[in-house]
Amino acid sequence: MESIWSKTWSRKKGPALNGEIQADVAVIGGGMAGILTAWYLKQSGVQVVVLEADRIGGGQTKNTTAKITAQHGLFCSRLIETKGEEVARNYVQANQTAVEAYKRMIREEDIDCDFRESDAYVYSQDEDKIRKEVEAAKILGIHASIENHLEIPVSYAGAVRFPGQAEFHPLKFIGALALQLTIYEDTMVTEIQDHLVKTTCGSVKADKIVIATHFPFINFPGMYFTRMHQERSYVLALSGAGKLNGMYIGNEQGMFSFRQYDQYILLGGRAHRTGENRTGGQYEALKKSAKKMFPESKVSAYWSNQDCVTIDHLPFIGRYAAKHPNWFVATGFQKWGMSLSMVSARLLNDLICGIKNEYAEIFSPSRFSIKEIPGIMKEGGKAVKGLTKRFFQVPDETIASIEPGHGAVADTPQGKVGVYKTETGQIYQVDPICPHLGCELSWNPEENSWDCPCHGSRFDYKGNLLNGPAQRGIR
Ligand code: FES
């Protein structure tokens, strides 16, 4: 499984940190949000270093569909309803400004990243929802319109069109920005102590620290795990499927995402909470849908992505926690990582440089509304379920009963063991307890991984860490 972005572009890894250094700002995480934040800070004259555990863009940035858009589903009407017109206007405008910032940056820096302007559409079976969204978007200052004739082979009642959005190759883009930055790769951060960032190969003393690691890995303070979970979704790059001019996403469950890249149509869908893919079959289902929609197509690449979802569906961008005013965070972008990475970079640059930013309040991680209590309870409930399963549920499987090519938590005389049996019968055993906060892991047959239903950490069948917030693998 390799995304079309990784297949079509690569760069030589940069050096790892070696010893102790000082910087004005240390950015932890070399994904889109981290690299853009570092770039803006550098433009502001700040001495900034980026610390990346693996390679830049090697996390979720390489797995995105790379749509740059302020259209985040039917978000305008939903946000006006849940947060009021002012918050909704600020949210949409922050994202539209981000789209324009990409256009300007790519033009001014002359970045070769297969960028093209493109209209964005949300399609739906519900005409009323479409009409309501267009009205809401207009109230918020977006020139949205209703479209009844789309170029995609799906059924719909209509779509909302946002003109002048964009798409690009995300790795080519951050690769170009990286040339201007000081970046240490293969440098995993293990601990932060006030102004000191400790890594596996040295440390950085920094006035300010930005945590841009997709899901924040510091549990306390902040407790982001009480307010976020992660979801997985799947993408196919289809050749021979024709051409699309626009970018599309369906509003209802089971609908798809579409965009063009080069000779491929990128088809996405089948989203579910991480840790809840026990029967698998997501790629097969997506391939079946692709065959139906584009009978002549062939799958040239397929991959999956992981998104952080906050309880109020707005990201957390700003000061990490009151206890550490020199720490900052950017997380919870849902499916809209490209525009929200740019929003984060501009906002964090302003906060760090002491510049007033009109969007600071709506994205503040310390925001809290009484309306969010049910969401916090729901997230807590999922964690309790994961812990309860660990302590009270006896597995149905034994090592002997697991078929070759399958994995499961098995009951053994030593207690529960996570077992994966290869097609040839080789057995891999792990401790099926998540090192983040102790929930029981679930086998993901689609990707041969152990996934945590509580906050979305993932491990390969040998126990190596694939996705945080856990910081280490399992035994
Ligand atoms: Fe939090 Fe597993 S990711 S307990």
The size of the Cβ-based charge dipole (Lys, Arg +1; Asp, Glu -1) of the chain about the Cα centre, to the nearest 20 debye, is 220
Given a Förster distance of 51 Å, the FRET efficiency implied by the Cβ-Cβ spacing of Arg11 and Glu86, rounded to the nearest 0.05, works out to 0.75
Given Cβ charges of +1 for Lys and Arg and -1 for Asp and Glu, the option among Ile111, Asn18, Phe363 whose Cα lies farthest towards the positive end of the dipole of the chain is Asn18
Arg107 and Thr424 label points (each 7 Å along its Cα→Cβ direction) are spaced in nm at 5.8
In vacuo Debye sum over C-alpha of region 413-475, base-10 log of normalised intensity I(q)/I(0) at q = 0.15, 0.26 Å⁻¹, listed in q order, is -0.39, -1.09
DSSP beta bridges in the chain: the antiparallel percent, rounded to 5, is 75
Quick calc of log₁₀ I(q)/I(0), region 107-169, Debye, one scatterer on every Cα, no solvent, q values 0.12 1/Å, result -0.38
Rh_Kirkwood(region 10-52) over Cα pairs, Å, one decimal, evaluates to 11.2
For Lys416, counting only lysines whose alpha-carbon sits under 26 Å away and dropping same-chain residues fewer than eight positions off, the answer is Lys382, Lys385, Lys389, Lys462
Restricting to lysines and to Cα separations under 19 Å from Lys243, and discarding same-chain partners fewer than 8 apart, the set is Lys67, Lys287, Lys291, Lys292, Lys298
Percent of all alpha-carbon pairs of region 133-285 at distances over 25 Å, whole number, is 57
DSSP beta bridges in region 352-475: the antiparallel percent, rounded to 5, is 95
Residues Cys113, Cys434 in order from fewest to most other beta-carbon atoms within 10 Å are Cys113, Cys434
Taking the chain and counting helices only, DSSP H stretches of n ≥ 4 at -39,500 (n - 2.57) each over all residues, the nearest-500 ellipticity at 222 nm comes to -8500 deg cm²/dmol
Expressed in µm² per second, the diffusion coefficient of region 321-475 from the Stokes-Einstein equation, with Rh the Kirkwood radius over alpha carbon pairs, at 4 °C and 1.567 mPa s, is 71
Dimensionless Rg/Rh of region 145-212, both radii on Cα and Rh by Kirkwood, sits at 1.30
Summing +1 per Lys or Arg and -1 per Asp or Glu among the other residues with Cβ less than 11 Å from Glu185's Cβ gives +1
In nm, the gap between the two label points placed 7 Å beyond Cα toward Cβ at Met377 and Cys201 is 4.9
In the neighbourhood of Asn95 defined by beta carbon distances under 13 Å, the net charge of the other residues (Lys, Arg +1; Asp, Glu -1) is +3
On each of the three principal axes the extent of the alpha-carbon atoms of the chain, given in whole Å and largest first, is 65, 57, 48
From the Cα centre of region 35-66 to that of region 274-326, the distance in Å is 21
Given a Förster distance of 30 Å, the FRET efficiency implied by the Cβ-Cβ spacing of Leu179 and Arg367, rounded to the nearest 0.05, works out to 0.25
If the label point sits 7 Å along Cα→Cβ of Lys243, residues of region 249-266 with amide N under 14 Å come out as 260-265
For 205-211, 290-296, ranked highest to lowest by mean beta-carbon neighbours within 10 Å, the order is 205-211, 290-296
Along principal axes, largest first, the alpha-carbon spread of region 101-223 in whole Å comes out as 58, 39, 29
Measuring from its Cα centre, region 141-281 shows a charge dipole (+1 at each Lys and Arg Cβ, -1 at each Asp and Glu Cβ) which, in debye to the nearest 20, is 140
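Readers should treat all values here as calculations from the given coordinates under stated rules, not as data from a laboratory. Keep in mind that what you see is a predicted model, and the values were worked out from it rather than measured. With ideal geometry, Cβ positions are generated from the backbone for all residues, glycine too; neighbour counts draw on all protein chains shown.
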